[in-house]
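Below: one structure, written as structure tokens.
The values are calculated or read from the model by the stated rules, or taken from the named source; none is laboratory data. The shown structure was predicted, so the numbers you read here are calculated from the model rather than taken from an experiment. Here the Cβ is made from the backbone with ideal geometry for all residues, glycine too, and neighbour counts use every protein chain on show.
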Amino acid sequence: MTDAYQTIRVIDSHTEGEPTRVVVQGGPNLGGGSLASRRTRFQETADDFRRTVILEPRGSEAVVGALLCPPVDPTCVSGVIFFNNTGYLGMCGHGAIGVAVTLAHLGRITPGIHRLETPVGVVEVHLIEPHLVAIENVPSYRYRTKVAVEVETLGTVTGDIAWGGNWFFLVEKSPFPLTFANLRALTDASALVRAALVRNGVTGADGAEIDHIEFFGPAESLSAHSRNFVYCPGGAYDRSPCGTGTSAKLACLAADGKLAPGQPWIQESIIGSRFTGTYRHADNGRIVPTITGRGFICSDAVLIVQPGDPFSQGITGQEPA
Ligand code: PYC
């Protein structure tokens, strides 16, 4: 006879290489209210659930979790709260694509346009084909341009600050060539840039921490416009070109007059996968980006948490009792 254990049903997918884990059963009950207030409740009352789902041994630092919840706006097919190895995200572009292919896999959506409610606003997802999705992201904008910071071992690093659903510091000239072999150096350099921004009080609007760093360089493929490396808040790198990061990039290109509305921008990731981005103008000098990429289901699984498991809440760096 086995003891009763906790089960959590998840569907794992990847979007251009970047994993998304959608919780479809066994998640915390966050009650009602806006998605932003439910995200706060998640953080305050159920953060152990985030750790169980994302951290090793059940997850990994690269995984972005997505908790499906009932939407407030009845025109939305679902609400969704994104989370990762360190906390909670406002929006997640690759994650929204992962949610769309997951909802299609579950038979909850068919090809067409659907709306998802997130803590930072409603995004439209267009399931073009079973594995091809375009998301119309939240309005994005460049907040500050050519901000110089002194970074330990790197010297002066200059970048733009932009919002694409998360805050980004975008560095046009990567301090290291954007190759897979340089992942460690790029990750370490990004961590130093992030620390320098904090040290110097450089923030997004309303003092928000800039928790994503993006380095750019020339594309490897002749048909892409640029290659990037994206450092995520928990120290992992984005295997995809990052949906919110590509949105922030489009906002900068638009502000510089380097990309016209509707003109495609092909952004290559550090592993060579791609998103195609376009934008249209919105109010207050903002743009509405559309990001298109592919998503594939990897597994439909039940996570099990047995009584007495010393790592039921993941490996956190604290010694088990
Ligand atoms: O695709 O927006 C994105 C994203 C954010 C963090 C990881 N991926």
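The table below lists the values:
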item	result
Enumerated strands (runs of 3 or more DSSP E) restricted to the stretch 164-234, each holding at least 2 residues that are at positive phi, modelled with pLDDT of 95 or more and crowded, with 19+ Cβ neighbours inside 10 Å	none
The lone exception for T244 - which of (1) closer than 17 Å to I97 by Cβ; (2) in the same structural domain as E152 (by TED's automatic domain parsing); (3) out of contact with any helix residue (DSSP H, G or I) (no Cβ under 6 Å at 6 or more places or on another chain); (4) in contact (Cβ under 8 Å) with a residue 60 or more places away in the chain it fails	(3)
Per-region count, the stretch 236-293, residues within 16 Å of the ligand (Cβ to nearest atom), of a type in the set (S, T, N, Q) and in a loop (DSSP other than H, G, I, E, B)	3
Residue match in the stretch 106-121 (condition: out of contact with any helix residue (DSSP H, G or I) (no Cβ under 9 Å at 6 or more places or on another chain), in contact (Cβ under 8 Å) with a residue 24 or more places away in the chain, more than 13 Å from the ligand (Cβ to nearest atom) and outside any strand (DSSP E or B))	yes
Selection count where residues are among the polar types (S, T, N, Q), closer than 23 Å to F296 by Cβ and out of contact with any Leu (no Cβ under 8 Å at 6 or more places or on another chain), scope the stretch 198-243	3
Matching residues in the stretch 50-93 - criterion: being more than 13 Å from the ligand (Cβ to nearest atom), of a type in the set (A, V, I, L, M, F, W, C) and more than 15 Å from Q25 (Cα to Cα)	L55, V72, C76, V77
Selection count, the stretch 127-172, where residues are within 22 Å of S269 (Cβ to Cβ), away from the ligand (no atom under 16 Å from the Cβ), among the charged types (D, E, K, R) and touching a strand residue (DSSP E or B) at 6+ places or on another chain (Cβ under 7 Å)	3
